[in-house]
Amino acid sequence: MRKKLVIGNWKMHGNLQQNEALLSAILRDIDGLAVGVAVCVPFPYLQQTANLLSGSVVAWGAQTLSEHPSGAYTGEVSASMLRDFGCRYVLVGHSERRALFGETDAAVAAKFRSAQVNGLVPVLCVGETLAERDAGRTLEVVRAQVNAVINLLGVEALASAVVAYEPVWAIGTGVTASPAQAQEVHAAIRDHIAGANCNVAQALPILYGGSVKAQNAAALFACKDIDGGLIGGAALVAEDFVAVCRAAA
């Protein structure tokens, strides 16, 4: 059975004082839960996060990375730099990176490769816009996003990765995919990967992201193919984030 995993994505939020209060509150209430927990924080706070979480049950990671190992790429951060800060996870292809910064499927696959080469666990974010859903293209879009990684690295690369389905129309909008809608896409992702390697598909954690909160988390996480969540707004409030983790456990 796949262990549940909850990852908090702080996006571009926080400061030193707020971060310490948030992480201290999470640590106070998270011990003993049978669920994996991690937070992906802005680059400037990686050292603070590492200091506060070192030796705890909560892992940490970053929200993106460069596909390049080093070089004249001003403003970029490489996978090896993230590893220096003890990161375990890194998000690749978050919908905001795709929409606002023009990351293509090919670029996302290259970032995925860079993460794995450097011992990080990439969290591959996939999902459709409202226009794509209304056009009946949800599964086509999501499969293409997954295929970009499979075509570059082979399906076996997903054996040491996480996939997060985040319908773009449900991120930060307060609108959540129903458990049935989310399960349909999660099952389709797993079935698609199973067509190439059944063992990889069955072991792969597939998270749901999109306005997950304490009130709807249990219903979502009860679905067969939903293995936890990629949490945005609720990850910024300790009580809410712990409640989501409890729902997963």
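Among the residues in the stretch 187-210, are any within 19 Å of the chain's Cα centre (by Cα), assigned to a loop (DSSP other than H, G, I, E, B) and of a type in the set (G, A, S)?
Within the stretch 187-210, one or more residues are within 19 Å of the chain's Cα centre (by Cα), assigned to a loop (DSSP other than H, G, I, E, B) and of a type in the set (G, A, S).
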Output the number of residues of the stretch 65-92 satisfying the condition of being on the phi > 0 side of the Ramachandran plot and surrounded by 16 or more Cβ atoms within 10 Å (Cβ to Cβ).
1
For the stretch 211-249, give me each residue that is more than 17 Å from the chain's Cα centre (by Cα) and crowded, with 22+ Cβ neighbours inside 10 Å.
A247
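Consider A218 carefully, then state whether it is hydrophobic (A, V, I, L, M, F, W, C) and farther than 30 Å from N19 by Cβ.
no
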Does the stretch 14-21 contain any residue that is touching a Cys at 6+ places or on another chain (Cβ under 9 Å) and crowded, with 19+ Cβ neighbours inside 10 Å?
no
Of the residues R83, R88, R2, only one is under 28 Å from A203 (Cα atoms), in contact with a strand residue (DSSP E or B) (Cβ under 9 Å, 6 or more places away or on another chain) and at pLDDT 95 or above; which?
R88
List pairs: first residue in the stretch 120-148 and among the acidic types (D, E), second residue surrounded by 14 or more Cβ atoms within 10 Å (Cβ to Cβ) and outside any loop (DSSP other than H, G, I, E, B) anywhere in the structure, Cβ distance under 6 angstrom, at least six positions apart or on different chains.
E128/T138; E128/V141; E132/V141
Could you say which residue among I193, I171, I226 is under 23 Å from L130 (Cα atoms) and either of a type in the set (S, T, N, Q) or at pLDDT 95 or above (or both)?
I226
Inspect all residues belonging to the stretch 46-62 and state whether any of them is among the hydroxyl-bearing types (S, T, Y) and within 23 Å of A110 (Cα to Cα).
no
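The values are calculated or read from the model by the stated rules, or taken from the named source; none is laboratory data. Given the structure is predicted, the values throughout are model-derived calculations rather than measurements. With ideal geometry, Cβ positions are generated from the backbone for all residues, glycine too; neighbour counts draw on all protein chains shown.
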